[in-house]
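Written below as structure tokens is the structure these notes are about.
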Amino acid sequence: MEACNNYYYATRDPLGRDGDFTTAPEISQMFGELVGAALADCWTRAERPADAIYVELGPGRGSLAADALRVLRSAGFAGGVHLVETSPVLRALQAERVSDAHWHDAVEDLSAAPLLLVANEFFDALPIRQFVSGIERRVEVIGDGLAFDRDGEIVEQSPAREQAVSAIATCLVQCGGVALVIDYGHERSAPGDTLQAVRGHRYVPTLIDSGEQDLTSHVDFEALRRAASEAGAKVTPVVTQGDWLKRLGIGARAASLATANPERIPELEKAVDRLCHEEQMGQLFKVMAIHSPDWPAPTGFEA
Ligand code: SAH
């Protein structure tokens, strides 16, 4: 999974209508603006540390960073921008949107500073391992194709995700800050095979055309919570993307954009629906925040 995704992302821009899948920041500027507002509010209540940096993991085309930073800058945030991205193709697109960024290969390479961090659809692309009755399931070459070596009830684990969360949480505990994790997945660990492949906006079999289609799996937020807590960070409850965006004021933001640009009303209504409706991204996508014990919890996660 790691090798396939490294190749996949290194060789293309997979996002948008002509690509393989569309993400929330590509649907509407409102998504990134509300992320920026949530981070700006947290930073302000933490007494605006001047050395705080904006960090994004897997920033895609840089749309979320550009929209969030517009709001953060207008709130007075003047800190640096650090993007964790391995794909040279996507780094080039990000440079067009965010000219003053610094790039890193891994979370562990970030400098020590208070973090305003966001990861949207990053963790789902990190590799998982699958176990059947406690034995790891492997992929075999059979003829000229690939096949799994065993079937049965599957339990998934992702050491790569836990390691990334641990590194972020350790950083938050040492230097302060907040991290927003937004992804599709489940609040509680449960058995099940969630590995999936997507190409051209369709589900396709996972073991064909390796490296030419997007391989992801559902994020186990309980496992992330455990890794963050063990490193000493605080973790908020998990809320659905729909509830979170509504609490952050997506309705008001859409109304104000609509007043300024009445011709955009149909597009704005469609975007709110795609981001928030429970049959679209509103329910499957979840949001959780990790923060340092001496920073306030971000808004939008109240029980
Ligand atoms: N956050 C963006 C893009 C999501 S696609 C959006 O919401 O539109 C996943 C992103 O993570 C891509 O930018 C991809 O290149 C990056 N990525 C995947 N695996 C990575 C890894 N191991 N290290 C760093 N970046 C990675």
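Counting only strands (runs of 3 or more DSSP E) that sit completely within the range 95-173, those holding 1 or more residues that are hydrophobic (A, V, I, L, M, F, W, C) and free of Cβ contacts under 8 Å to residues at least 60 places away in the same chain correspond to 101-104, 129-132, 139-142, 145-148, 154-157.
The residue that is nearest to Gln130 (Cα to Cα), among those in the range 1-30 that are within 8 Å of the ligand (Cβ to nearest atom) and among the charged types (D, E, K, R), is Glu2. What about Phe77, is it open to solvent by less than 10 Å² (accessible area, probe 1.4 Å), within 9 Å of the ligand (Cβ to nearest atom) and either charged (D, E, K, R) or farther than 22 Å from Gly200 by Cα (or both)? Criteria not met by Phe77. None of Gly300, Gly251, Gly242 is touching a Cys at 6+ places or on another chain (Cβ under 7 Å) and at pLDDT 95 or above except Gly242. Among the numbered conditions (1) in contact with a helix residue (DSSP H, G or I) (Cβ under 8 Å, 6 or more places away or on another chain); (2) within 12 Å of the ligand (Cβ to nearest atom); (3) open to solvent by less than 20 Å² (accessible area, probe 1.4 Å), the only one that Asp124 does not meet is (1).
Report yes if some residue within the range 37-55 is of a type in the set (D, E, K, R), buried (at least 24 other Cβ atoms within 10 Å of the Cβ) and either more than 10 Å from the ligand (Cβ to nearest atom) or modelled with pLDDT of 95 or more (or both); otherwise report no. Walk me through how you get there before you give the answer.
If we filter the range 37-55 for residues that are of a type in the set (D, E, K, R), which is where we start, we get 41, 45, 47-48, 51.
Retained after the next criterion (residues that are buried (at least 24 other Cβ atoms within 10 Å of the Cβ)): none.
For the range 37-55, residues of a type in the set (D, E, K, R), buried (at least 24 other Cβ atoms within 10 Å of the Cβ) and either more than 10 Å from the ligand (Cβ to nearest atom) or modelled with pLDDT of 95 or more (or both): absent.
Restricting Arg137, Arg202, Arg161 to residues that are among the basic types (Lys, Arg), open to solvent by 70 Å² or more (accessible area, probe 1.4 Å) and at pLDDT 95 or above narrows the list to Arg202. Check the range 81-92 and report whether any residue there is away from the ligand (no atom under 16 Å from the Cβ) and either crowded, with 21+ Cβ neighbours inside 10 Å or not in a strand (DSSP E or B) (or both). Among the residues of the range 81-92, not one is away from the ligand (no atom under 16 Å from the Cβ) and either crowded, with 21+ Cβ neighbours inside 10 Å or not in a strand (DSSP E or B) (or both), which makes the answer no.
Can you tell me which residues in the range 93-116 are under 17 Å from the mean Cα position of the chain (by Cα) and more than 13 Å from the ligand (Cβ to nearest atom)? Those that are under 17 Å from the mean Cα position of the chain (by Cα) and more than 13 Å from the ligand (Cβ to nearest atom): Leu115, Leu116. When restricted to residues that are farther than 17 Å from Ile27 by Cα and of a type in the set (Gly, Ala, Ser), the range 64-79 contains 5.
The values are calculated or read from the model by the stated rules, or taken from the named source; none is laboratory data. Keep in mind that this is a model prediction, so the values were computed, not measured. Positions of Cβ are backbone-derived with ideal geometry, glycine not excepted, and every protein chain shown enters the neighbour counts. To get the accessible areas, we keep the full protein, side chains included, count just its heavy atoms, and leave off ligands, DNA and RNA. Shrake-Rupley method; radii C 1.70, N 1.55, O 1.52, S 1.80 Å.
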